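Participant: Have a look at the structure that comes next, please.
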Amino acid sequence: MFPQELALIEKNYNAYIEHELHQERRTLADLNAALEWLCAEFERSGVRWWLVGSGALYARGLDVKSHDIDVMTYKTEIEKIRAMVAPYIVEPFHHVTGWVVKGFGVADYRYRIDFAFEPEEWVDGQGPVDFGPYAQAHIEPIVWHGHEILVPPIELQIVPNEARGRTERVELIRKYLENQKN
């Protein structure tokens with residue numbers, strides 16, 4: 001997607017793997033710092049994006065600690081993103097064909113951050129998912145620590161979490177939905 005310094009990526013990746021292999025778990029403070037960094041950088045640069053996965057649940061206030069932060073954005077935004085992620089890349093930013101998105105890359109700014117670019121039309125084929133075209137067309141704003149973040153409808157998180165056997169997470173989502181009705 002853009003020229004990248006492979007020696008720096010290798011150094012970053014090795015440090016990232018050391019954390020993972022030695023079970024040095026990232027803290028909620030790290031998650032908050034990474035999410036704060038994303039929000040501030042994206043606001044400064046005017047990046048169009050939305051948050052999906054467990055990071056979106058966390059930003060809504062659900063008691064989940066995500067393994068990573070999943071960002072959806074657009075290939076048109078890559079030049080705005082490039083400078084902010086360059087020092088932190090652990091997996092190269094690249095175009096993708098035959099997968100669920102058109103581009104992908106990973107940065108590690110105190111937390112693993114997966115950047116996915118534009119979902120493929122077919123990913124909603126067996127029903128809407130939280131990162132697909134349906135979700136993209138229905139993103140909604142929430143406020144997290146004073147930042148407006150766009151997230152998909154929370155209902156789209158139920159089926160994938162059920163499929164992954166995350167019953168506690170599904171219960172948290174259902175409880176959240178019930179509280180929203182009241």
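The values are calculated or read from the model by the stated rules, or taken from the named source; none is laboratory data. Computed from a prediction, not measured in an experiment: that's the story for all the values here. FYI the Cβ positions are ideal-geometry reconstructions off the backbone, even for glycines, and counts take in every protein chain you see.
Participant: Only one residue in PHE131, PHE104 is in contact (Cβ under 8 Å) with a residue 24 or more places away in the chain, surrounded by 16 or more Cβ atoms within 10 Å (Cβ to Cβ) and either within 14 Å of the chain's Cα centre (by Cα) or farther than 30 Å from ASN14 by Cβ (or both), so which one is that? Spell out how you get there, then give the answer.
Facilitator: Values: PHE104 fails: in contact (Cβ under 8 Å) with a residue 24 or more places away in the chain.
Being in contact (Cβ under 8 Å) with a residue 24 or more places away in the chain, surrounded by 16 or more Cβ atoms within 10 Å (Cβ to Cβ) and either within 14 Å of the chain's Cα centre (by Cα) or farther than 30 Å from ASN14 by Cβ (or both) holds for just one of PHE131, PHE104, which is PHE131.
Participant: Separate question: Give segment 75-87 a look and list any residue that's within 15 Å of TRP49 (Cα to Cα) and surrounded by fewer than 16 Cβ atoms within 10 Å (Cβ to Cβ), or say none.
Facilitator: Going residue by residue through segment 75-87, those that are within 15 Å of TRP49 (Cα to Cα) are 75-82, 84-85.
The answer is LYS75, THR76, GLU79.
Participant: Let me ask something else about it. Which of (1) at pLDDT below 95; (2) surrounded by fewer than 19 Cβ atoms within 10 Å (Cβ to Cβ); (3) in contact with an Asp or Glu (Cβ under 7 Å, 6 or more places away or on another chain); (4) not polar (S, T, N, Q) does TYR111 not meet, given it meets every other one?
Facilitator: It fails just one condition, (2).
Participant: Here is a list of conditions, (1) touching a helix residue (DSSP H, G or I) at 6+ places or on another chain (Cβ under 7 Å); (2) under 19 Å from LEU156 (Cα atoms); (3) crowded, with 17+ Cβ neighbours inside 10 Å; (4) of a type in the set (A, V, I, L, M, F, W, C), and VAL90 meets all of them except one; can you say which number that is?
Facilitator: (2)
Participant: VAL123: surrounded by fewer than 16 Cβ atoms within 10 Å (Cβ to Cβ), of a type in the set (Val, Ile, Thr) and outside any loop (DSSP other than H, G, I, E, B), yes or no? First the steps, then the outcome.
Facilitator: On the way: surrounded by fewer than 16 Cβ atoms within 10 Å (Cβ to Cβ): no; of a type in the set (Val, Ile, Thr): yes; outside any loop (DSSP other than H, G, I, E, B): yes.
Taking the combined requirement at face value, the residue does not satisfy it.
Participant: When you look at LEU57, is it in a loop (DSSP other than H, G, I, E, B), more than 18 Å from VAL106 (Cα to Cα) and either touching a residue at least 60 places away in the same chain (Cβ under 8 Å) or out of contact with any Phe, Trp or Tyr (no Cβ under 6 Å at 6 or more places or on another chain) (or both), yes or no? Walk me through it before giving the result.
Facilitator: Values: in a loop (DSSP other than H, G, I, E, B): no; more than 18 Å from VAL106 (Cα to Cα): yes; either touching a residue at least 60 places away in the same chain (Cβ under 8 Å) or out of contact with any Phe, Trp or Tyr (no Cβ under 6 Å at 6 or more places or on another chain) (or both): yes.
When the stated conditions are applied, LEU57 does not pass them.
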